[in-house]
Protein chains: 2
Amino acid sequence: MRGKARIIRGLQSHGNGAVPKPGASRHHNGASHAFTMVERKAVYRAIFERRDVRRNFLPTAIPNRVLTRLLTAAHHAGSVGFMQPWDFVVIRDRSTKRAVKRLFDEANAGAAVRYTGSRANLYRSLKLEGIEEAPVNICVTCSRRRGGPHVLGRATVRETDLYSTCCAVQNLWLAARAEGIGVGWVSILDHEALKRVIGVPKSVTVLAYLCLGYVAGFEARPDLETAGWRKRIPVGRLIHYESWGNRAHDKRENGDAHHQGLHENRGRGKNQAGRRAAGLER
Amino acid sequence: MRGKARIIRGLQSHGNGAVPKPGASRHHNGASHAFTMVERKAVYRAIFERRDVRRNFLPTAIPNRVLTRLLTAAHHAGSVGFMQPWDFVVIRDRSTKRAVKRLFDEANAGAAVRYTGSRANLYRSLKLEGIEEAPVNICVTCSRRRGGPHVLGRATVRETDLYSTCCAVQNLWLAARAEGIGVGWVSILDHEALKRVIGVPKSVTVLAYLCLGYVAGFEARPDLETAGWRKRIPVGRLIHYESWGNRAHDKRENGDAHHQGLHENRGRGKNQAGRRAAGLER
């Protein structure tokens with residue numbers, strides 16, 4: 001949280017040379033293409049205040065005009081080879097939502113048995129979807145054969161079409177936050193069964209199932225952080241310079257094994273210590 | 001383009017009930033959590049003006065403070081089970097960039113032979129990376145084992161950790177646009193070879209290789225659209241209601257086969273006709 005506050009404050013201090021002023025030529029030979037301070041703050045606000053929303057949905061309908069804005073935002077993600085592999089199935093029908101909720105219940109019962117003891121109790125206490133409460137559900141798909149056999153840029157990494165579709169989801173998510181609309185991504189679903197419910201062809205991949213609605217409020221932190229399920233990793237621990245393992249944050253750390261340890265180290269306050277030591281976040 | 005302009009205009013017309021006024025109680029029982037009009041426009045501006053940038057990079061250094069803002073934005077993407085599976089390898093060293101550029105050249109030579117005739121000529125004329133021109137390269141990875149064997153929400157769809165990492169990339173991309181920084185995603189790279197160049201452990205997946213820098217300008221449209229490689233699909237053709245195939249846009253269209261046809265239908269103007277007929281985009 002302090003890192004975010006510092007970033008927003010940083011946007012206001014133009015004296016240090018870090019932020020090119022729009023129209024100033026200090027950093028560029030021509031005009032800067034940076035947004036104004038107010039605009040930049042708004043973009044960061046959307047990014048920092050976006051939440052994975054599973055509760056507090058209001059029954060208020062989302063007007064078509066607003067929904068179209070969100071889907072147009074999604075559609076303006078970049079895509080490998082300009083493939084635009086996504087489609088959006090908009091669901092408002094109660095009986096469809098009920099059928100999807102049943103799929104969630106089945107998948108979630110299977111997932112819950114993977115935890116034991118207090119972790120199992122905590123898992124069962126978490127609200128992980130808002131399928132029926134959200135006025136609108138959207139299934140986002142990826143048509144992997146769109147654009148023919150040779151999609152530009154996809155010869156080496158075939159999954160880039162899925163990656164592009166994720167970028168579209170994030171666009172929608174951020175635009176929704178700006179509109180005051182909460183979005184929850186429900187991943188605990190059998191996608192093949194979901195495809196049968198809403199008629200998605202076998203050849204098309206389901207990427208995301210989203211629940212959307214105006215909300216009574218946005219939480220300040222992710223639900224899983226608040227519930228003590230997992231802590232936020234100080235960003236400095238995730239930044240390597242020139243090659244893997246060369247962190248400004250903490251030279252003693254070594255590779256990914258560390259992060260595993262961090263997650264299993266709840267309550268010993270290393271996150272706080274790490275944050276204090278984080279050169280990058282100062 | 002007209003769709004986007006309409007959306008921005010739509011944000012200004014508050015009289016139609018489509019956009020909840022911040023603080024107004026018309027749509028909610030309490031205060032609206034929508035951003036102000038200025039803030040919402042800034043978010044849509046970032047989304048619509050973001051480009052996959054491969055040219056026009058300026059040599060201007062990106063200050064650490066600005067780079068940290070971008071990486072903090074990335075780090076605030078949602079992640080399945082709050083897993084935060086991403087790491088960022090920041091590369092400024094010329095010799096490393098040169099080695100990565102060689103990997104691109106090799107992969108691209110292989111990709112180019114997949115096209116024939118005028119398509120091959122067009123392909124070879126495209127600039128598909130800015131590895132050496134961009135002052136900063138960032139390799140974004142996904143540590144698929146972070147968080148232990150049972151990541152919440154990932155039992156049914158194991159790829160959700162990759163999807164979360166893509167959302168982080170999109171956050172970075174949009175924040176960069178607001179900062180006036182262009183970002184290009186280079187997907188034509190052998191990721192295993194890339195891992196050897198920058199020392200990424202075998203167990204960690206490379207998700208994206210990004211080139212960043214302040215730019216002389218942002219293009220109005222995607223390069224591949226301008227080059228005539230592919231057209232933008234009217235968004236209404238990608239929206240289905242309640243179940244797949246039920247489009248408001250054009251009831252005659254049938255399933256995904258259509259989109260294949262659309263892509264192969266260059267020059268016959270169906271995009272324009274489709275846009276005019278698009279009820280949703282009006």
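Some points to look at:
- Label point 7 Å beyond Cα along the C-beta direction, distances from A:Val38 to other copies (nm, shortest first): 0.2
- Point-charge dipole on Cβ atoms (K/R +1, D/E -1) for region B:65-127, about Cα centre, debye to 20: 360
- Cα-based shape type of region A:122-243, given that a ≥ b ≥ c are square roots of the gyration tensor eigenvalues and the cut on a/c is 1.5: oblate
- Virtual paramagnetic centre 7 Å along Cα→Cβ of B:Lys127, amide N under 20 Å, in region B:46-76: B:49-62
- Pairs from the list A:Lys97/B:Lys231; B:Lys101/B:Lys231; B:Lys97/B:Lys127 with a Cα-Cα gap above 25 Å: A:Lys97/B:Lys231; B:Lys101/B:Lys231.
- Remark: accessible area buried at the B-A interface is about 11400 Å², both chains counted, probe radius 1.4 Å.
- Ranking of A:Arg230, A:Arg124 by solvent-accessible surface, largest first: A:Arg124, A:Arg230 (1.4 Å probe, protein heavy atoms only, all chains present).
- Of interest is the spacing of the C-alpha centroids, which for region A:135-172 and region A:176-204 amounts to 14 Å.
- The charge dipole of region B:134-195, taken about the Cα centre with unit charges on the Cβ atoms of Lys, Arg (+1) and Asp, Glu (-1), comes to about 260 debye, rounded to the nearest 20.
- The listed residues A:Leu11, A:Leu103 rank as A:Leu103, A:Leu11 when sorted by accessible area, largest first, using a 1.4 Å probe.
- Computed accessible area, A:Phe104, all protein chains, 1.4 angstrom probe, square angstrom: 10
- Between copies, B:Ile8 shows label-point distances of 2.6 nm, shortest first, with the point placed 7 angstrom from Cα along Cα to C-beta.
- Heavy atoms of B:Ser95: accessible area, 1.4 Å probe, square angstrom to 10: 70
- Computed FRET value (nearest 0.05) for A:Arg158 with A:Arg6, which takes r as the C-beta separation and R₀ as 51 Å: 0.80
- For B:Asp190, the solvent-accessible surface computed with a 1.4 Å probe is close to 80 Å², ligands and nucleic acids excluded.
The values are calculated or read from the model by the stated rules, or taken from the named source; none is laboratory data. It should be emphasised that the depicted structure is a prediction, and the values quoted were computed from it without experimental measurement. Cβ: placed from backbone, ideal geometry, glycine included. Neighbour counts: every protein chain shown. Please note that ligands, DNA and RNA were not included when accessible areas were found on the heavy atoms of the full protein model with its side chains. Shrake-Rupley method; radii C 1.70, N 1.55, O 1.52, S 1.80 Å.
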